[in-house]
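For reference, the structure is listed below as structure tokens.
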Amino acid sequence: MGGGRARAVSSADPFPVPRSKFGCPAVPVRAIARRRLAEVLARPDWRVALVTGGPATGKTVAVAQWFGTLDPIAREWVTLDADDDRPERFWLTLALGLGRAVPGAFAQLAETATDVHRLPSGFLNRLLTAWSAVTDPLVIVLEDVHHLQSPEITEDLGFVVEHLPGPSRMLLTSRIDPQLPVSRWRGRGWLAELRQRDLALTLPETAELFNALGEHRLTTGEVERLWSRTEGWVAGLRLAAAGLNDRADVPAAVAEFSGRTPMVADLLADELLHRAPAELSEFLLRTSVADVLDAELCDTLSGRSDSAQLLRRMEADLQFVVATGPSRDTYRYHPLLAEMLRAELQTHRPEEAPALNRLAAVILQTRGDVAGAVRCLLAAGDTDRAFSIVFEAAHRRADVSDIPGIAAFVNLFPRELVTESASRMLTYALMLGLAGQLAEAHAWLHRAQIRISDEPRARAEDLATLDALRLLTFTVTAGAGDEIDAGRRAVEAVEAGLDSGVVGARARVNLVRGYLLTDQPGEADSVLRAGRPGDEIAALVLAPALAARIALRHGRPSEAERQATASLHAAGAFGLDTHLGVVDAHLALAGVRIDRNELTAVISAFRRLEEILQANPFARVYHVLLGLEKARVAAALDDFDDVFAILREAGKLIDHLPRSALWCLLDAAAARWHLEAGETGQAEELIAALPDFGPACTLLRARLDLARGRFDAVRARLRRASPGTIRDRLAGELLLARAAIESGEDAGEHVTVAVGLAAPEQLVRVFLEEGPAVTRLARAAAESLGTESGISLSVALGSPPPRRATPRQPTVMLTERELLMLRFLPSHLTNAEIARECLMSVNTVKAHLKNMYAKLGVSTRAETVERARLLGLL
């Protein structure tokens, strides 16, 4: 027979294939394929089965073994080849096969089809008539129907399948989807399918295959890597096993296995690229530069206009083209195929490959596919452009505190390419820092610094970038050194027109942070006002947030609140809820609440800051600054154990770093609270180690003099001081007042000056922190001002609010001590502070509060104040 061939099949072993073409046992593959086929054909209602797949998948053996189990059912196996792609040849082959399956039933039909030059008219009707006379089950297997390309054959074969007699079944095998109405059969529930991707091995099956092949050296991780690379493709796994035969270094062999491996590349090229029509081969090569394919991208790369249809057809025909996405309108090539195609493109069309990669990169970058664009640019040799894209994407993620996203972008760029220039090393250090990999970031920054110092003529841009990075490291991660000087140079470079990238664009706001960290609010204010703060986010989020911190340090909480609120509104509009500028703004607002003694509100502010800082774990400076504010609130609550516990925890964040400005802030705060707790010796030891860092240090040393009873030293020290802010002048006046009180002199003048400074801004906490004696004098002085701000400050310090109407006769009787306590409740004084004012214990205060709650029918201090006012008690 010139065309199709009938095979004699033994039920015991239909096709004994003891070893594969690679010299490896095929038993696991055959068993797996047989198991998959049995699951598919377990459906009782299938009429036609379609088994697709390339070579070495075990599909043919699986079908043959299933075929052998059909005895005593009438059956026949017909194998097709290219010669059968003629109607008269195909139908003669099928008629003869039917005749062998059911002797005599199709004899007359076969005789009418013996003319190989033409098909008799009415042949299909006679075929179906004869077939209908067969009442017993009949199974026909047509192997390799991909050879049937003639529309006349496929149309008629589809007609026959759709009119098969009830007990008959037909099973088709093919390398690709045949030109048959498969979708219609699927919709009618007639079709049982086993596709090549269904024959892909699972991870356990892959391990089973390697064991059967005698390859026991692979670790679990290496098996998983090979399975992932091949996606369970049996032939690919066998090739991987064959490649290990002569290799002693198994890990290296596994790492090197890819679509460029000669055996793999040869098989894929032979099976797919070289056998495909020229236009399809061209499409595969030109589109292989992209990882994710869609119609628009493929049209651009291939110069076609029908990529959507071609991709759908390839996905149906080939295991190696996979539809992805919820709408199945994007595709990808099998990893091994993509690697083979890219190698072929680079080898045979080296002049086209870079241009195609650049074209794909432009489209992918426009779509926001940074990973795809970077891979294409690296393939095209455009290393600088690839690096620039990675950095820009990473920095955008930094503004939303997306640390995993930053790390993912950083990992896109090969590290061996980073060392090609100092500029890349600097930028890479920044990206690592933004990703929270601080130790590695410092290491790269140090390497860049060495590279720059070794260059005969370092680029001015590199020097400016290095300075800007050192400043950023100082202000965010608490590094030590001459970073303020570096920051000044970075800002000067930007003002001179040097381009030091994004980090240079924000050098001004980072220098402002540096000055705040070193307690130089005047310098911070001057730098912020001296020029543009940088990009849009720097201008609308960072600049007002830092202006708020400056205003707070100066003693202007109203301005601080206004600037911080503006910053938070802008951050909300940008979607930057966890940006470090938001932390600056919330720190300023927390400071405002503390200054106004609104301790309940500040606790809520602390919770919000903690939530934001969870997204910025590398920002050690801000964790420490938050600790300093928490310690101040703990001191307000007279919980000094908590004060020092908070400061110790903050110190642990930077205990591995050299002494720096941040350590000075921590030690100064600890010294202040040791003095308030009466632990003068410990405070003196800390103060002695502090450098002289301006007015704040002068005030701290004056406090130590006060604690030691050196009142003249307090006065002399503060006369020499030149406070640059309202806050420092106010603190100085209050220390002078304390010195006067404790030395038996008149403190009225100093308190009056202090109240005049504090009343317009409602700075309350500063008086309470200096003790009951100062608070009482301040309360009286504020009330004597006769202004609205003076009265408000007086009430906040414990004075009864002015009466707004003729008091009604109270119906509730409070004791004299309870009425004394009641006048302090409208203020935000703590129980401990009220106890000091009333000369009673904290427990007595709590007992009186409990009695008042019962008498007034309330449960909180706020309700008590409201009820007392209604009753005319306040």
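The values are calculated or read from the model by the stated rules, or taken from the named source; none is laboratory data. Predicted model, so just to flag it, every value in this text is computed and none were measured. FYI the Cβ positions are ideal-geometry reconstructions off the backbone, even for glycines, and counts take in every protein chain you see. Keep in mind that these areas ignore ligands, DNA and RNA; they rest on the heavy atoms of the full protein, side chains included. Shrake-Rupley method; radii C 1.70, N 1.55, O 1.52, S 1.80 Å.
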Correct semi-axes for the range 251-317, from √(5λ) of the alpha-carbon gyration tensor and rounded to whole Å with the largest first, are 26, 14, 10
Accessible-area order for Lys630, Lys846, Lys59, largest to smallest, probe 1.4 angstrom, reads Lys846, Lys630, Lys59
Computed about the Cα centre, the charge dipole of the range 226-364 from +1 Lys/Arg and -1 Asp/Glu charges at the Cβ has a magnitude in debye, to the nearest 20, of 160 debye
Once the dipole of the chain is set up from charges on Cβ (+1 Lys and Arg, -1 Asp and Glu), the residue from the list Ala758, Ser743, His395 lying farthest towards its positive end is Ser743
Computed, not fitted: 222 nm per-residue ellipticity of the chain from DSSP H runs ≥ 4 (each -39500 (n - 2.57)), nearest 500, equal to -19000 deg cm²/dmol
Rounded to the nearest whole number, the Stokes-Einstein translational diffusion coefficient of the range 462-523 at 37 °C and 0.692 mPa s (Kirkwood radius, C-alpha pairs) in µm²/s is 298 µm²/s
In debye to the nearest 20, the charge dipole size for the range 692-765, taken about the Cα centre with +1 at each Lys and Arg Cβ and -1 at each Asp and Glu Cβ, equals 300 debye
Checking rank on 500-513, 412-425, with mean other Cβ inside 10 Å and highest first, the result is 500-513, 412-425
Relative contact order as a percentage, the range 283-340, C-alpha pairs under 8 Å and 6+ apart, gives 32 percent
For the chain, the charge dipole (Cβ of Lys, Arg +1; Cβ of Asp, Glu -1; about the Cα centre) points to a positive end, and the Cα of Ser168, Phe67, Val845 closest to that extreme belongs to Val845
Labelled set [x] 89, 66, 56; [y] 97, 79, 70; [z] 135, 81, 50; Cα extents along the principal axes in Å computed from this model equals the value at [z]
Checking rank on 268-278, 698-708, with mean other Cβ inside 10 Å and highest first, the result is 698-708, 268-278
Around Thr287 (Cβ within 12 Å, Cβ-to-Cβ, excluding Thr287; K/R +1, D/E -1) the net charge comes to -1
One would report the antiparallel percent of DSSP beta bridges in the chain, rounded to the nearest 5, as 25 percent
Toy charge model, Lys and Arg Cβ at +1, Asp and Glu Cβ at -1: the chain dipole around Cα centroid in debye, rounded to 20, equals 1960 debye
Most packed first (mean Cβ within 10 Å per residue), the peptides 162-171, 376-385 order as 376-385, 162-171
Charge dipole of the chain built from unit charges on the beta carbon (Lys, Arg +1; Asp, Glu -1), centred at mean Cα; most positive-end Cα among Leu148, Ala464, Leu517 is Leu517
Long-range share for the range 730-874, i.e. C-alpha pairs more than 18 Å apart as a percent of all pairs, stands at 58 percent
With the 8 Å Cα cutoff and a minimum separation of six or more residues, the range 96-187 has a relative contact order in percent of 28 percent
